[in-house]
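Input: one structure, supplied below.
Derivation of every value follows stated rules applied to the coordinates shown; laboratory data play no part. As the structure is a computational prediction, the values presented were derived from the model and not from experiment. Note that we place each Cβ from the backbone using ideal geometry, even for glycine, and neighbour counts take in every protein chain shown.
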Ligand SMILES: NC(=O)c1ccc[n+]([C@@H]2O[C@H](COP(=O)([O-])OP(=O)(O)OC[C@H]3O[C@@H](n4cnc5c(N)ncnc54)[C@H](O)[C@@H]3O)[C@@H](O)[C@H]2O)c1
């Protein structure tokens with residue numbers, strides 16, 4: 001059992017889903033968020049802070065073994081919004097973690113870091129970035145920052161390119177990239193315990209239509225218990241009306257603001 005885990009974005013949708021398993025897997029779980037939040041389990045402590053506040057952050061990270069970083073702006077937005085939450089806040093967190101001597105950071109990257117790949121292409125974890133939005137670019141920034149800190153400072157990085165996390169899939173695209181919250185929680189547990197330096201894995205359940213090969217996650221011990229396959233019959237007709245969205249893995253994120261004159265749909 002780890003002594004201390006810090007969970008950022010603890011008041012958010014995914015942070016709330018991860019909390020119970022994290023609280024059970026360490027002696028002390030520190031919950032960080034800029035939004036109000038309250039400690040629930042006996043071993044939880046709550047810190048309401050902005051990741052950009054280095055002084056407060058330093059205190060919250062002192063003595064922590066691992067950071068599970070799920071704070072951030074979770075969708076497309078203008079640059080000022082994304083830069084504050086997903087770039088400046090991320091740079092601030094990694095630097096504070098390095099100074100505090102944190103051993104590893106697991107973090108919420110996104111399918112939108114590779115959303116401009118066509119759905120016809122199966123990606124390995126080594127796939128070059130292909131962001132589909134300003135939001136996706138900020139996730140690529142975080143992956144690059146993790147790589148830098150792992151190589152230069154030995155701060156282990158575990159980037160999870162999360163598909164869509166929800167109790168069940170709700171459209172045809174999710175037949176490929178959906179992940180059940182229990183599988184995400186299991187993947188986080190893998191990231192807390194496995195031996196690695198810097199990894200990028202896919203946050204996806206055991207879906208036969210997945211666009212991603214998740215060999216590395218499986219080699220480290222990930223065994224997803226859920227699959228979107230049971231929903232194929234009921235959801236496969238629920239596609240969008242946009243040929244651009246249907247062509248690219250990123251769906252509507254790829255189609256937004258899209259005006260590439262050389263694009264030809266399949
Ligand atoms: N929900 C999904 O299916 C999904 C898919 C792919 C990636 N992700 C990523 O997972 C993470 C969590 O997503 P979510 O759906 O729980 O989002 P969410 O908006 O519900 O939660 C994010 C939390 O981060 C906090 N936050 C934002 N900026 C902060 C800052 N500067 N300092 C402190 N706290 C800050 C917010 O207050 C919020 O509670 C995000 O990084 C998102 O991009 C989510």
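Each label point is 7 Å from the Cα along the Cα-to-Cβ direction; what then is the distance between the points at residue 229 and residue 128, in nm?
Label at residue 229, label at residue 128, 3.4 nm between them.
What number, in percent, do you get for the relative contact order of segment 27-80 if the mean sequence gap of Cα pairs under 8 Å and at least 6 apart is divided by its residue count?
26 percent
Something else now. Multiplying the sequence separation of residue 43 and residue 24 by 0.36 nm and subtracting their Cα-Cα distance, what value in nm do you get?
Taking residue 43 through residue 24 to full extension adds about 6.0 nm, to one decimal.
Using Cα pairs under 8 angstrom and six or more residues apart, how large is the relative contact order of the chain, in percent?
Relative contact order, the chain: 16 percent.
Follow-up. Only counting other Cβ atoms within 10 Å, I'd like 67, 244 sorted with the fewest neighbours first.
Least crowded to most crowded, the residues run 244, 67.
To continue, here is another question. Compute the acute angle (0 to 90°) between the alpha-carbon long axis of helix 13-24 and the principal axis of greatest extent of the alpha-carbon atoms of the chain; round to the nearest 10°.
Long axis of 13-24 versus the principal axis of the chain: about 50 degrees.
Using only Cα atoms and rounding to the nearest 10 degrees, what angle (0 to 90) does helix 181-193 make with the longest principal axis of the chain?
50 degrees
Most exposed first by the Cβ proxy, i.e. fewest other Cβ within 10 Å, how do 204, 68 rank?
Arranged by neighbour count, lowest to highest, 204, 68 become 68, 204.
On full extension of the chain, what length is gained from residue 75 through residue 193, given 0.36 nm per residue of separation minus the C-alpha to C-alpha distance?
39.6 nm
Take the Cα pairs of segment 2-255, get the Kirkwood Rh, then feed it into Stokes-Einstein at 25 °C and 0.890 mPa s and tell me D in µm²/s.
Taking Rh from Cα pairs, D becomes 135 µm²/s.
Related question: On a 0 to 90° scale, report how tilted helix 89-100 is relative to the longest principal axis of the chain, with both axes built from alpha carbons and the result rounded to the nearest 10.
Helix 89-100 sits at roughly 40 degrees to that axis.
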